[in-house]
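Notes to accompany the following structure.
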Amino acid sequence: MKIKWISLGLAGMFALSGLAACGENGEDSQSGAGGGLSEQTFAETGINIIENGSSEYKIVIPASYDKYLLSASNELKEFLYESSGVMLETIEDTDLTYDETDKYISLGNTTLFQQSGLEITEDMRETGYYMQTEGNLLLINAKYSFGTLCATYDLLGYLIDFEVYAADEIYYVEKDTVPMLDFDLKYIPTLDIRMMNQKELRENGVYTNRLRMQLTSELWSAFSHTTITSFIKKEKYLASNPEYYGTTGGDQVCYTNEEMREAMVAEMESIIEQYPDSTWIQIGQEDNTNHCQCENCLAAYERYGNYAGLQLEFTNRCAEDIDAWLAENYPEREMHYAFFAYQDSVEAPAEYNSATKKYEPTSSDFRCRDNVYVMYAPISLDFNKTLDSDENIGLYNGLLAWRDILETVGRGNNIIVWTYSLNAYSLFLPLANFGTQGRQYAQFADAGVTVLYDQCIGQTNQPCLQALRMYTQSKMMYDRTLDYNELVLDFMEHYYGAASGEMLEYYNFYRYYLQYLEEAKGVTVGKIFTRLYNAEYWPDSTVQYMIDILDRALESIKPLEETDYERYVVLRDRIKREKLTPIYLMFSLHMSSLTQEEKEVYFADMEKYTEQFGIVETAESVWDMTTQIETWRDEIFG
């Protein structure tokens with residue numbers, strides 16, 4: 001692990017701030033009700049957790065701890081040790097009695113927390129937490145233990161300025177004395193559960209958790225398109241029970257076939273047993289629009305408002321049966337159920353009441369159980385615009401319609417959003433959502449969204465500012481009050497070090513140039529299906545300009561080659577990774593404009609760093625990097 005200590009002086013801040021890109025009309029600024037973590041300060045109590053090379057404090061976890069509480073304890077111990085050289089002891093909560101004079105840091109629902117008088121309230125949702133100092137005691141707890149893990153990282157931030165910029169870039173301050181602070185904090189994240197489907201995160205669960213995010217594999221028994229892919233599989237049921245699929249021939253299930261529903265419930269119960277730690281399961285239609293047109297389904301569309309209304313009612317009924325089975329067989333388990341509001345089921349079964357300015361259910365039979373959620377997937381959003389922009393207002397109103405009708409049955413926050421941050425056809429280029437992503441997260445939260453899944457790209461890493469994207473997006477999912485531009489400046493200084501000025505210039509080039517493409521060339525740069533590999537968009541002079549910035553970044557770190565070679569190699573490789581984007585554009589669009597020497601040098605970098613960083617696709621599900629390398633090898637070397 002690369003540990004780094006940096007003090008960013010005022011001169012450096014002013015130098016960088018002049019380059020920071022700001023969105024039009026202040027689009028980068030985040031706002032919202034309540035104070036964020038960045039606004040919180042806490043006085044010292046006069047008691048020290050660590051002092052003079054020792055500590056009287058112990059970490060307490062429940063005797064029935066889970067993996068998140070164990071991680072919280074281990075992470076707190078590790079980084080306090082890295083900072084101070086003092087290792088705290090962890091003990092299990094056995095025969096402990098609440099006493100404010102005891103020096104304990106209590107993590108989770110210990111007897112100390114239970115006896116403190118504090119209670120986890122409904123508004124704290126799954127991951128909202130308390131961090132409370134009572135005398136010498138520090139009590140941290142959330143309904144869901146992952147919230148306690150997030151709180152532990154926040155605690156490290158307050159105690160030793162802990163920050164995770166990337167898997168291999170972690171910052172904290174060395175301290176001989178670590179004071180206990182007078183915490184009085186009830187924090188509810190902007191989005192309660194946060195998931196990002198990025199290859200680097202899928203392969204590194206510790207890094208994911210340090211960004212205060214989770215993987216779908218940690219939470220879900222079955223996820224995404226599941227009705228046939230996971231439950232009513234064609235190879236098992238189609239020949240013997242074709243009626244399970246109605247008129248679709250196996251493309252979708254028939255949601256009004258009761259025997260099919262019973263079979264699906266049995267399959268879901270089996271899968272829930274296979275994943276004993278899961279707390280979520282999805283009933284997700286398959287990725288097509290061939291839904292059943294049988295007589296019963298047509299009547300159900302009318303009764304429940306539309307295709308989505310029928311799917312929601314179907315999910316309610318499945319949840320009822322599975323919850324009864326859980327109560328009998330696994331009474332300690334609590335499951336959440338989501339149906340996929342996607343394609344033909346994205347539209348809420350709602351009508352707008354102009355008098356109340358609210359959407360209302362079209363069906364008197366509309367209902368939603370307390371543990372049933374709508375997963376809304378606005379795949380056509382322009383991610384370069386806020387949700388209330390002219391380009392996005394239709395989809396935004398669709399989300400508000402779901403919020404409004406769910407509120408009529410007391411479930412206004414039972415909404416998951418499946419969002420996107422990739423160029424599906426152009427993975428070597430960043431999606432132009434730099435200054436708007438945080439605003440969208442805040443708007444989602446205001447529309448009742450409590451769970452967010454960002455698809456990203458799970459099969460390949462990318463060369464285009466991937467670490468910056470994961471850092472800023474994870475921070476703003478967690479705390480809407482953070483300023484996006486300040487996050488960028490902080491990241492650049494820590495992640496690129498001596499090359500931060502040039503790399504900030506490179507980032508700003510992207511922001512302004514993509515905006516230029518939209519305004520001057522009419523390219524919709526914020527939609528995930530825009531094809532950006534185009535010589536008209538990226539003339540060779542523009543691509544060469546990108547290369548020149550990165551070459552200057554490499555020059556800026558040259559002194560480190562003599563003074564700190566290990567750091568030099570880290571920074572060099574990070575810059576070289578970014579250089580893959582203009583090299584790819586040169587090779588694919590302007591190979592003839594390069595000299596033979598340039599071709600050979602660039603090829604060496606392309607071959608080395610695509611392998612080193614796990615970059616295997618140039619477009620979604622196009623596994624062509626190896627083929628591209630061999631094609632270029634033949635073209636360049638003959």
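The values are calculated or read from the model by the stated rules, or taken from the named source; none is laboratory data. All of these numbers come straight from a predicted model, not from anything done at the bench. Cβ atoms come from the backbone with ideal geometry, glycine included; neighbour counts cover every protein chain shown. Side chains included, ligands, DNA and RNA excluded: accessible areas come from the protein's heavy atoms. Shrake-Rupley method; radii C 1.70, N 1.55, O 1.52, S 1.80 Å.
From the list Leu406, Leu400, Leu387, Leu427, exactly one residue is under 29 Å from Leu514 (Cα atoms), out of contact with any helix residue (DSSP H, G or I) (no Cβ under 6 Å at 6 or more places or on another chain) and not in a strand (DSSP E or B). Which is it?
Matching residue, one of Leu406, Leu400, Leu387, Leu427: Leu427.
Evaluate the following for Phe529: is it surrounded by fewer than 18 Cβ atoms within 10 Å (Cβ to Cβ), under 24 Å from the mean Cα position of the chain (by Cα) and touching a residue at least 60 places away in the same chain (Cβ under 8 Å)?
For Phe529, the condition - surrounded by fewer than 18 Cβ atoms within 10 Å (Cβ to Cβ), under 24 Å from the mean Cα position of the chain (by Cα) and touching a residue at least 60 places away in the same chain (Cβ under 8 Å) - is met.
Kindly evaluate Thr450 against the criterion of being closer than 16 Å to Gln198 by Cα and modelled with pLDDT of 95 or more.
No.
Looking at this structure, is Gly284 without any contact (Cβ under 8 Å) to a residue 40 or more places away in the chain and either under 31 Å from the mean Cα position of the chain (by Cα) or open to solvent by less than 30 Å² (accessible area, probe 1.4 Å) (or both)?
Answer is no for this residue.
Return the total of residues in region 276-288 being closer than 20 Å to Tyr373 by Cα and out of contact with any strand residue (DSSP E or B) (no Cβ under 7 Å at 6 or more places or on another chain).
3
Can you tell me which condition Glu122 does not meet? The list is (1) at pLDDT 95 or above; (2) surrounded by fewer than 21 Cβ atoms within 10 Å (Cβ to Cβ); (3) not hydrophobic (A, V, I, L, M, F, W, C), and all the others hold.
Result: Glu122 passes all but (1).
Just one of Thr618, Thr627 is surrounded by fewer than 17 Cβ atoms within 10 Å (Cβ to Cβ) and of a type in the set (Val, Ile, Thr); which is it?
Answer to the selection: Thr627.
Please find, within region 569-598, the residue that is nearest to Leu465 (Cα to Cα) out of those that are among the charged types (D, E, K, R) and surrounded by 20 or more Cβ atoms within 10 Å (Cβ to Cβ).
Glu578
Which strands (runs of 3 or more DSSP E) sit wholly inside region 98-153 and have at least 3 residues that are under 24 Å from Asp277 (Cβ atoms)?
Because the criterion is at least 3 residues that are under 24 Å from Asp277 (Cβ atoms), the strands (runs of 3 or more DSSP E) in region 98-153 that meet it are 137-142.
Somewhere in region 350-360, is a residue within 22 Å of the chain's Cα centre (by Cα) and either open to solvent by 30 Å² or more (accessible area, probe 1.4 Å) or farther than 30 Å from Thr216 by Cα (or both)? Explain how you work it out, then say what you get.
Of the residues in region 350-360, the ones within 22 Å of the chain's Cα centre (by Cα) are none.
Checked region 350-360: no residue is within 22 Å of the chain's Cα centre (by Cα) and either open to solvent by 30 Å² or more (accessible area, probe 1.4 Å) or farther than 30 Å from Thr216 by Cα (or both).
Considering only region 292-336, state which residues are among the polar types (S, T, N, Q), touching a residue at least 24 places away in the same chain (Cβ under 8 Å) and either part of a helix (DSSP H, G or I) or surrounded by 15 or more Cβ atoms within 10 Å (Cβ to Cβ) (or both). If you could, list the steps in order and put the result at the bottom.
The first filter runs over region 292-336 and keeps only residues among the polar types (S, T, N, Q), leaving 293, 296, 306, 311, 315-316, 329.
Imposing the further condition that a residue be touching a residue at least 24 places away in the same chain (Cβ under 8 Å) reduces the set to 293, 296, 306, 311, 315-316.
Within region 292-336, Asn296, Asn306, Gln311, Thr315, Asn316 qualify.
Checking the conditions here, which among Gln132, Gln114 is open to solvent by 60 Å² or more (accessible area, probe 1.4 Å) and either among the polar types (S, T, N, Q) or modelled with pLDDT of 95 or more (or both)?
Only one candidate passes the filter, namely Gln114.
Given the structure, is Thr229 at pLDDT 95 or above, assigned to a helix (DSSP H, G or I), open to solvent by less than 30 Å² (accessible area, probe 1.4 Å) and not charged (D, E, K, R)?
no
Looking at Lys175, Lys236, which one is more than 30 Å from the chain's Cα centre (by Cα), charged (D, E, K, R) and assigned to a loop (DSSP other than H, G, I, E, B)?
Numbers: Lys236 fails: assigned to a loop (DSSP other than H, G, I, E, B).
Unique residue meeting the criteria: Lys175.
Of everything in region 239-265 that's β-branched (Val, Ile, Thr) and assigned to a loop (DSSP other than H, G, I, E, B), which residue is most open to solvent (accessible area, probe 1.4 Å)?
Thr256
Take the residues of region 207-220 that are free of Cβ contacts under 8 Å to residues at least 60 places away in the same chain and either of a type in the set (A, V, I, L, M, F, W, C) or farther than 21 Å from Gly128 by Cα (or both): which is surrounded by the fewest Cβ atoms within 10 Å (Cβ to Cβ)?
Ser217
Restricting to region 407-437, count the residues that are open to solvent by 10 Å² or more (accessible area, probe 1.4 Å), among the hydrophobic types (A, V, I, L, M, F, W, C) and closer than 20 Å to Leu395 by Cβ.
Result for region 407-437: 1.
Can you find a residue that is crowded, with 16+ Cβ neighbours inside 10 Å, of a type in the set (S, T, N, Q) and modelled with pLDDT of 95 or more anywhere in region 94-106?
yes
Please determine, by comparing only the residues of region 63-93 that are among the aromatic types (Phe, Trp, Tyr) and open to solvent by 80 Å² or more (accessible area, probe 1.4 Å), which one is nearest to Asn141 (Cα to Cα).
Tyr65
Do we find a residue being more than 22 Å from Ala535 (Cα to Cα), in contact (Cβ under 8 Å) with a residue 12 or more places away in the chain and part of a helix (DSSP H, G or I) anywhere in region 582-589?
Here is the first cut: in region 582-589, the ones more than 22 Å from Ala535 (Cα to Cα) are none.
The answer is no, given that none of the residues of region 582-589 is more than 22 Å from Ala535 (Cα to Cα), in contact (Cβ under 8 Å) with a residue 12 or more places away in the chain and part of a helix (DSSP H, G or I).
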